[in-house]
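The values are calculated or read from the model by the stated rules, or taken from the named source; none is laboratory data. This is a predicted model, so every value here is computed, not measured. Heads up, the Cβs are rebuilt from the backbone with ideal geometry, glycines too, and the neighbour counts pull from every protein chain shown.
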Amino acid sequence: MSRINFQKLRKSLMNKQPFVSIIIPTYREWHLLPTCLEALINQTYSQDQIEIIVVNNDPETVPPSDVDWAENVRILTQPKPGSYAARNLGLDHAKGEYIAFTDSDCIPVPEWLAEGIGLLDQGFDLVGGKMEFFKPKGGDHQAFLFESRFSFRQDRNVLQNKQSITANLFVKRKVFDQVGLFDQSLMSGGDYEWTKRATDAGNTIAYAEKAIVKHPSRKSFQALIKKKRRTSGGMYYSFFKDFSTFRKLQFTLWILRPPVTIFGFKGLSWKEKLSLFRARWYLEWVGVKEMANLHLGKKNAIRE
């Protein structure tokens, strides 16, 4: 009886994995990108079946020369501002039948790709994975507390709203062929707009609890304010600008209601609850002011 060559068998089985294109837009985050790429190189998924496309969204910066880029990493440059324009360029060059998205400040766990692609193989058209926050070095506790409680609620995004963020998203290429690319006129919220467009067209979406991406929280409350202005601009152009006057008023009053449910949160001290309450309510006022300024033509939407 001939012996089984397990190494050859393992390679044969791994080569049957679908080819995946991972698209990562980056904007002035070359210092963070190597950590993300290291996490992708250490995936349990076969590296022979992965290409990593990094899209530089700031043509005035160049890739650092001291980084040892892996053979399956390609770097493109998209001069048009906006992460969705960058992702669209990545899609134009992607060879994979499956597409995975993350961001340059993210750290996917080793099983991330295998878990997400596994659900696509089971028949789903889109998959949104779980996000976990960590406090970066020098980060503010209030900012970490806020983001860990309120940002990137992927379980709710996927299971209730049939949407997902692009920091942790897997898609079959055929879905883009069906519904088109991201709306690159948006500086924020284009992931929600596109995934809603895709699921409204009848495509199925699953939540991957084990396809985890770790994301640093903002380092300061000022950074949260900047983020709120950006995401409010995305909300304005995605749907708010098309509301009737009555609907605008109704939505604004709903947004500005005091977030008293925070005081029912478990596992927090009274001081932390009060801090979260003040932060949440203040940021909602920041967002409403941003949308009002956009409505009155006093400014344009910002990017981060």
Q) When you go through THR44, THR26 one by one, which is the residue that is at pLDDT 95 or above, among the β-branched types (Val, Ile, Thr) and farther than 18 Å from TYR98 by Cβ? A) THR26
Q | Subset of the stretch 135-194 (residues that are on the phi > 0 side of the Ramachandran plot and within 14 Å of the chain's Cα centre (by Cα)) | A | PHE152, GLY189
Q: May I ask you to list pairs of residues, at least six apart or on different chains, whose Cβ atoms are under 6 Å apart, with the first in the stretch 70-84 being more than 11 Å from ILE52 (Cα to Cα) and the second being of a type outside the set (A, V, I, L, M, F, W, C) and in a strand (DSSP E or B)?
A: THR77/ASN56; SER83/PRO25
(Q) Please go through (1) at pLDDT 90 or above; (2) under 24 Å from GLN160 (Cα atoms); (3) crowded, with 16+ Cβ neighbours inside 10 Å for MET235 and return the number of the only condition it doesn't satisfy. (A) (1)
Q: Examine the stretch 209-229 for a residue that is in contact with a helix residue (DSSP H, G or I) (Cβ under 7 Å, 6 or more places away or on another chain), farther than 18 Å from SER148 by Cα and touching a residue at least 60 places away in the same chain (Cβ under 8 Å), and state whether such a residue exists.
A: yes
Q) When you go through ALA208, ALA279 one by one, which is the residue that is among the hydrophobic types (A, V, I, L, M, F, W, C) and in contact with a Lys or Arg (Cβ under 9 Å, 6 or more places away or on another chain)? A) ALA208
Q | Count - residues of the stretch 171-191 that are in contact with a Ser or Thr (Cβ under 7 Å, 6 or more places away or on another chain) and in a helix (DSSP H, G or I) | A | 1
Q: Exactly one condition in (1) over 21 Å from THR166 (Cα atoms); (2) within 23 Å of the chain's Cα centre (by Cα) is not met by ILE212; state its number.
A: (1)
(Q) I'm checking my understanding of the structure. Among residues of the stretch 266-304 that are in contact with a helix residue (DSSP H, G or I) (Cβ under 6 Å, 6 or more places away or on another chain) and part of a loop (DSSP other than H, G, I, E, B), which one is modelled with the lowest pLDDT? (A) GLU304
**Q.** Flag if VAL55 is farther than 17 Å from GLN184 by Cα and not assigned by TED's automatic domain parsing to the domain that holds ARG230
**A.** no
Q: Quick one: which residue in PHE246, PHE277 is free of Cβ contacts under 8 Å to residues at least 40 places away in the same chain, surrounded by 14 or more Cβ atoms within 10 Å (Cβ to Cβ) and outside the structural domain of GLN154 (by TED's automatic domain parsing)?
A: PHE277
Q) Looking at this structure, is PHE263 exposed (fewer than 13 other Cβ atoms within 10 Å of the Cβ), closer than 25 Å to SER148 by Cα and touching a helix residue (DSSP H, G or I) at 6+ places or on another chain (Cβ under 8 Å)? A) yes
Q. Is it the case that the stretch 186-209 has a residue that's small (Gly, Ala, Ser), within 20 Å of LEU32 (Cβ to Cβ) and touching a Cys at 6+ places or on another chain (Cβ under 6 Å)?
A. no
